[in-house]
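I have a structure here, written as structure tokens, and I will follow up with some questions on it.
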Amino acid sequence: MNISGSVALVTGANRGIGRHFARQLLERGAKKVYATARDPQRIDLPGVETLRLDITDPASVSAAAEAAGDVTLLINNAGVATYTNLVTGDLDQIRLELDTNFYGPLRMIRAFAPVLGAGGGGAIVNVLSALSWFSYDGANAYAAAKAAAWSLTNGARLELRGQGTQVTGVHLGAADTDMMAGYEGELLDPADVARAALDGVEAGAYEVVVDAWSAHVKASLSGDPRAFYDAA
């Protein structure tokens, strides 16, 4: 997938990693970048086309697909973290996690797959997490939603192969965004996350593992889970 000359749409482009995606796409020569958010007035990047989009609202997703019928690169970046557990946590918060982090990208893929196919295939990027591969007490709803989104990414890749659509999953640990406010560990620069993801798109990667922590978690999947969780 060549980013130069592409027409990209980025969800959650008003801040954090999404804002860096939109900026770097322009820097790499994208012909047009649709920068989307629930409140597009909060998008302050020059050179983008702003678009109102709520990925939890099917009507909003359909309207975006109609308005942006020339998209060749879809970046599913928008997400939410409620820091809710599964056994005792509020069910409405758990549903919000799944609706945003799993059903949101699914809605976007279903709406834009015909657009991408008509344009020759194009590409999709799903921003996932190291938590796609492990659980963490205090954020288990997020982990469950991202695990489902990882499976969605792999499934969509198979289903869209026939129309030539490239699907890339991006896994990362904690990044320096509003979502991780108050986190005391080492934080990734969101600009580096966007850069690694776009490099992966241009390389045709199925999966981009941004940092050493995410690589460690992925490697642990082939071992006894007791060893990983006891060490963690």
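The values are calculated or read from the model by the stated rules, or taken from the named source; none is laboratory data. Computed from a prediction, not measured in an experiment: that's the story for all the values here. Cβ atoms come from the backbone with ideal geometry, glycine included; neighbour counts cover every protein chain shown. Note: accessible area is taken over every heavy atom of the protein model, side chains too, but ligands, DNA and RNA are not part of it. Shrake-Rupley method; radii C 1.70, N 1.55, O 1.52, S 1.80 Å.
Which number comes out as Rg/Rh for the chain once both Rg and the Kirkwood Rh are worked out on C-alpha atoms? Walk me through the numbers before you get to the answer.
Numbers: Rg = 16.9 Å, Rh = 17.7 Å.
A ratio of 0.95.
Once neighbouring chains are kept in place and the probe is 1.4 Å, which whole percent of the accessible area of region 23-139 is contributed by carbon and sulfur?
Numbers: 2740 of 5450 Å².
C and S fraction of accessible area: 50 percent.
Separate question: What 222 nm value per residue comes from the helices of the chain, counting each DSSP H run with n ≥ 4 as -39,500 (n - 2.57) and dividing by all residues, nearest 500 deg cm²/dmol?
Numbers: 8 runs with 96 residues, N = 232.
Counting only the DSSP helices, I get -13000 deg cm²/dmol.
Separation between the Asp224 and Glu186 pseudo-spin-labels, each 7 Å from Cα along Cα→Cβ, expressed in nm?
Reported label-point gap for Asp224 and Glu186 is 2.8 nm.
By how many nm would the segment from Leu45 to Tyr136 grow when fully extended, if each residue of separation counts as 0.36 nm and the alpha-carbon distance is taken off? Each step should come with its number before you reach the end.
On the way: separation 91, 0.36 × 91 = 32.76 nm, distance 3.48 nm.
Gain on extension, Leu45 to Tyr136, equals 29.3 nm.
Under the rule that an exposed site lies in a DSSP loop and has at most 15 other Cβ atoms within 10 Å, name the longest stretch of the chain with no chymotrypsin sites (Phe, Trp or Tyr not before Pro) of that kind, not counting the sites themselves.
Numbers: sites that count: Tyr83, Tyr136, Tyr183, Tyr206.
That would be 1-82.
Going Cα to Cα from Lys146, which aspartates and glutamates come in below 12 Å? Please leave out same-chain ones fewer than 8 positions away.
List returned: Glu97, Asp99.
Right, another one. In whole percent, what relative contact order does the chain give with Cα contacts below 8 Å and a gap of six or more residues? Write down the numbers at each step before the final one.
Values: 446 pairs, mean separation 43.1, N = 232.
That works out to 19 percent.
For Ala215 and Ala59, compute 0.36 nm times the residue count separating them, minus their Cα-Cα distance, and round to one decimal in nm.
Numbers: separation 156, 0.36 × 156 = 56.16 nm, distance 3.75 nm.
Full extension of this stretch gives 52.4 nm more.
Quick one, what does Rg over Rh come out to for region 1-61 if you take C-alpha atoms and the Kirkwood Rh?
Numbers: Rg = 11.1 Å, Rh = 11.4 Å.
With Rh from the inverse mean 1/r over Cα pairs, Rg/Rh is 0.97.
For the chain, what does the accessible surface come to per residue with a 1.4 Å probe? Please give it in Å². Write out the running numbers ahead of the final one.
Values: 10940 Å² over 232 residues.
That works out to 47 Å² for each residue.
Taking Rh as the Kirkwood radius, which is the inverse of the mean 1/r over Cα pairs, what is the Rg/Rh value for region 39-136?
On the way: Rg = 15.2 Å, Rh = 15.0 Å.
Ratio value, two decimals: 1.02.
Any idea what the dipole of region 43-126 comes to, in debye rounded to 20, about its Cα centre with Lys/Arg Cβ at +1 and Asp/Glu Cβ at -1? Could the numbers behind the result be given before it?
Values: 4 positive and 10 negative charges, 51 e Å.
So the dipole magnitude of region 43-126 works out to roughly 240 debye.
Hey, if we sort His20, His171, His216 by accessible area with the 1.4 Å probe, largest down, what's the order? Mind dumping the intermediate values first?
Details: His20 45, His171 0, His216 95 Å².
So, going from the largest accessible area down, we get His216, His20, His171.
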